[in-house]
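Working notes, beginning with the structure itself.
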Amino acid sequence: MIAQMINSIRFTAGLDPLDSKGFASRNLMTDFGSLLPVEVNDNPDYYRTVLGVYTAINVISQHISALRPMVGTEDSNRVFNEQTDRPQFSIFRKPNPWKTWGQFLNASLIHLLSTGETPWLLRDYSGFGKMIWPLVPLNFKVYGSSTQLYDHFGYVINGKEKRYEVDEILFIKFFDPKDELRGMSSIEAARDDINLDINVVTASQNIFDKGAIPSGLMSTNKVYGESAFQRFKEHVKDEHVGLDQFGKIMYLDGGWTFKPFSLPLKDLESIAQRKITFEHVATAFMVPPIFMGSFKETSRISNAAVQERLLWTNALKPIMDMFEGVITEFFLPLLVNTRSGFKFKFDVSDVSGLKEDPTIKSVRYDRAVKNGGATPNDYRTQVLGLPASTAKGMDDHYINGTPITQKGQDTTESVQLSTLENIKNTASKYLNPADIVSSAVAKVKQVTRNIVEEGKDYEKQDDLLSLLSIRRRIGGQFQKDLDKLFVRQLSEIVNSIKSQKDYVIKAIKIRISWVKWAKLFRELGVSYMERGIIEASTGYARPEALTVLVVTDKVVQTYLKERSVQYALWINETTRDSVDRIIQTGLKRGLTVNEIAALVNKEMKPQFISRAHKIARTETVSSTNYGRLETMKLNAFKFKKWNSQRDTDVRDEHKSLDGERRKVDDDFSNGIQFPNEPNCRCYLTNVKKL
């Protein structure tokens with residue numbers, strides 16, 4: 001492999017800037033990526049053959065890959081709001097047809113921890129969307145150039161190298177201070193100990209294979225000639241070495257004596273060395289002793305809970321943070337416009353090792369409430385785990401109400417007077433009457449302009465009412481039909497579960513045709529999407545006698561095909577995941593087949609009702625807005641405007657989008673052409689100018 005890597009090196013001729021400055025040259029311009037790293041580490045072999053390495057890597061990879069991935073946004077209070085209704089995000093459940101997200105991430109982490117790098121191949125397949133594949137680092141090659149760090153990549157498959165461009169690979173790696181192109185694993189820090197451990201095992205194996213495990217020492221005080229000594233050795237070998245001679249009594253004469261060892265010296269060295277190696281590997285990966293199976297060492301650390309906290313904070317959290325950052329910054333933009341603030345996170349809500357100690361948390365919140373840093377409801381929800389109280393004053397901030405008075409003055413009154421004086425002084429210093437009048441006039445003009453503009457926007461109130469009427473009529477019927485289809489699907493799922501009457505329940509499979517159900521959902525969706533597009537186009541065009549869309553238009557057929565497939569696949573994926581989770585819960589609780597079937601029926605019914613409402617609203621809004629947009633294009637309108645419903649239910653992102661104008665073919669600032677997101681109620685209008 002090393003020879004193969006050397007043969008594939010590409011070197012761009014030219015002056016090395018390091019040489020020109022008088023510094024020692026470092027491996028032919030590796031600073032500029034013009035040379036592929038020569039050495040290919042053999043760390044993956046350590047993972048397969050060294051118990052300590054295997055254990056440490058598995059502890060980390062299995063803990064992280066078991067976490068549920070989430071994509072969402074953070075509000076101003078840093079509260080994470082997960083988005084589960086976007087079909088693009090299903091890639092975090094199934095990144096490719098052969099791996100679940102957990103399997104994919106587990107393989108990626110094993111690559112990363114054993115070699116320091118894990119390359120992901122990004123692929124976009126027509127009809128399937130984006131997929132990602134973990135590549136084996138030992139078969140992965142990096143090529144640089146004199147102008148950029150990475151020029152392209154290579155991957156060896158069946159002895160042949162395939163070229164991949166930079167935008168086809170997401171290259172995740174740990175930093176290596178000696179090599180900017182490749183990654184470095186924690187194994188490097190324990191490499192000497194691991195190699196010594198392997199040598200000890202190999203030496204012991206060789207000794208055993210040759211039948212020479214020393215159990216004692218034979219010696220004599222007499223002088224023997226070379227030939228006599230050789231004859232004695234041959235006699236011992238022939239008569240007392242090997243399994244067939246086991247237990248045979250040896251009689252010594254001629255001054256020979258036997259001194260037994262309490263434990264063979266080589267075994268003593270091997271045991272000591274292997275213990276040191278195990279500890280050093282655990283230290284390199286920051287894995288506490290109890291997770292390495294070394295329960296004798298737990299006395300050094302107070303308890304298992306502390307070791308779990310150390311594992312999560314020192315070993316797992318830094319790797320999780322790296323993956324969250326890389327996926328957010330480099331992978332999410334391939335799925336959705338990240339100007340909307342989407343982030344990738346692992347769900348750690350149930351991880352006790354990352355939760356604050358309850359006693360410390362209680363003291364901290366108690367101090368915060370007393371000093372105005374938190375409200376009583378904060379204490380109830382965050383410390384006591386109780387719901388927020390609606391009682392008066394529970395959401396207010398309080399400070400110490402007994403300030404010390406000075407010179408007999410009333411403190412409250414003096415503070416108020418001082419505040420008023422400060423306001424007065426500041427106003428007189430920075431504002432004069434002319435400035436105040438000028439500012440007031442400017443504000444009045446701005447308000448007037450806004451009123452006029454709003455008046456223009458709402459001259460078409462009949463149009464808006466017509467649109468809302470279309471949405472209510474189509475969306476309401478769509479919801480009823482979806483609900484009926486969900487009930488039929490749930491009945492088939494429950495009957496499939498009940499049919500599995502194994503005496504010992506180890507697993508339950510949902511034996512229904514998901515392809516059939518995807519087709520049924522798609523057919524239902526197409527009929528209502530088609531109505532939404534055409535009725536929205538007709539209603540929008542009627543007041544000005546505009547040209548309207550027809551079902552056979554290419555743009556209509558393209559939308560119906562792509563959107564209906566996405567929505568049908570998403571419905572099936574969500575249903576399957578939800579049912580799988582409920583089944584696993586039932587199996588863990590030891591429920592019978594009939595009890596699990598009843599649990600699925602109970603849990604899924606309210607979910608289906610909620611989803612039918614959400615899906616019907618989302619697809620109706622999307623299709624009506626698409627119908628409006630294509631009608632604008634058909635009639636050569638130049639500009640469009642995003643309008644929200646301007647009520648308390650509008651999400652923050654869409655409040656900021658309200659009134660935003662764009663050219664009719666351009667995306668809005670959130671990266672989409674028209675309102676089409678889950679639970680959205682916004683709508684499009686045309687405007688005469690930006």
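Annotations for the structure displayed:
- Qualifying residues in region 506-517 (those that are in a loop (DSSP other than H, G, I, E, B) and of a type outside the set (Gly, Ala, Ser)) - the one modelled with the highest pLDDT: Ile512
- Residues (loosely packed, with under 15 Cβ neighbours inside 10 Å and at pLDDT 85 or above) located in region 140-157: Ile157
One line per residue, one yes/no per condition, for (1) part of a helix (DSSP H, G or I); (2) touching a helix residue (DSSP H, G or I) at 6+ places or on another chain (Cβ under 9 Å); (3) modelled with pLDDT under 85:
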{"residue": "Leu549", "(1), (2), (3)": "no, yes, no"}
{"residue": "Gln557", "(1), (2), (3)": "yes, no, no"}
{"residue": "Glu562", "(1), (2), (3)": "yes, no, no"}
{"residue": "Val565", "(1), (2), (3)": "yes, yes, no"}
{"residue": "Asn572", "(1), (2), (3)": "yes, yes, no"}
{"residue": "Val579", "(1), (2), (3)": "yes, yes, no"}
{"residue": "Leu599", "(1), (2), (3)": "yes, yes, no"}
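- Residue match in region 518-531 (condition: assigned by TED's automatic domain parsing to the domain that holds Leu490, closer than 13 Å to Arg628 by Cβ and touching a helix residue (DSSP H, G or I) at 6+ places or on another chain (Cβ under 6 Å)): no
Residues checked against (1) surrounded by 13 or more Cβ atoms within 10 Å (Cβ to Cβ); (2) modelled with pLDDT of 85 or more:
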residue	(1), (2)
Lys519	no, yes
Glu523	no, yes
Ser537	yes, yes
Tyr540	yes, no
Ala545	no, no
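- Filter result (surrounded by 11 or more Cβ atoms within 10 Å (Cβ to Cβ) and at pLDDT 65 or above) within region 258-279: Phe258, Glu279
- Boolean, Ser108 is among the hydroxyl-bearing types (Ser, Thr, Tyr), in contact (Cβ under 8 Å) with a residue 40 or more places away in the chain and closer than 30 Å to Lys614 by Cα: no
- Residues in region 656-676 that are in contact (Cβ under 8 Å) with a residue 12 or more places away in the chain and among the charged types (D, E, K, R): Asp658, Glu660, Arg661, Arg662, Lys663, Asp665, Asp667.
- Matching residues in region 651-690 - criterion: being in a strand (DSSP E or B), out of contact with any Asp or Glu (no Cβ under 9 Å at 6 or more places or on another chain) and either of a type in the set (S, T, N, Q) or surrounded by 19 or more Cβ atoms within 10 Å (Cβ to Cβ) (or both): Tyr683, Leu684, Asn686
- Any hit, region 346-362, residues being farther than 30 Å from Gln382 by Cα, surrounded by 16 or more Cβ atoms within 10 Å (Cβ to Cβ) and either at pLDDT 70 or above or not assigned by TED's automatic domain parsing to the domain that holds Leu105 (or both): no
- Residue match in region 575-583 (condition: crowded, with 16+ Cβ neighbours inside 10 Å, over 18 Å from Val515 (Cα atoms) and more than 27 Å from the chain's Cα centre (by Cα)): no
- For region 576-629, residues that are of a type outside the set (D, E, K, R) and within 30 Å of Val556 (Cα to Cα) total 17.
- Test: Asn371 is over 28 Å from Gln307 (Cβ atoms), touching an Asp or Glu at 6+ places or on another chain (Cβ under 6 Å) and free of Cβ contacts under 8 Å to residues at least 40 places away in the same chain: no
- Failed item in (1) surrounded by 18 or more Cβ atoms within 10 Å (Cβ to Cβ); (2) farther than 22 Å from Gly116 by Cα; (3) at pLDDT 70 or above, with Val200 passing the rest: (3)
- Residues of region 531-565 satisfying the condition of being of a type in the set (Ser, Thr, Tyr) and farther than 21 Å from Asp665 by Cβ: Thr538, Thr552, Ser564
- One residue from Glu595, Glu653, Glu619, Glu630 being without any contact (Cβ under 8 Å) to a residue 60 or more places away in the chain, at negative phi and of a type in the set (Asp, Glu): Glu595
- Residue in region 561-568 that is without any contact (Cβ under 8 Å) to a residue 24 or more places away in the chain and within 21 Å of Gly525 (Cα to Cα) present: yes
- Qualifying positions in region 310-334 - of a type in the set (Gly, Ala, Ser) and either over 22 Å from Glu168 (Cβ atoms) or in a loop (DSSP other than H, G, I, E, B) (or both): Ala315
- Whenever a residue of region 534-554 is in the same structural domain as Gly627 (by TED's automatic domain parsing) and without any contact (Cβ under 8 Å) to a residue 24 or more places away in the chain, its partners that are of a type outside the set (Val, Ile, Thr) and surrounded by fewer than 16 Cβ atoms within 10 Å (Cβ to Cβ), lying with C-beta atoms within less than 8 angstrom and at least six residues away or across chains, give the pairs Val551/Gln557.
- Residue within region 160-170 that is within 30 Å of Pro137 (Cβ to Cβ), touching a helix residue (DSSP H, G or I) at 6+ places or on another chain (Cβ under 7 Å) and either surrounded by 11 or more Cβ atoms within 10 Å (Cβ to Cβ) or modelled with pLDDT of 70 or more (or both) present: yes
The values are calculated or read from the model by the stated rules, or taken from the named source; none is laboratory data. What you see is a predicted model; the values in this text were computed from it and never measured. Counting neighbours? That spans all protein chains shown, and the Cβs are built from the backbone with ideal geometry, glycine included.
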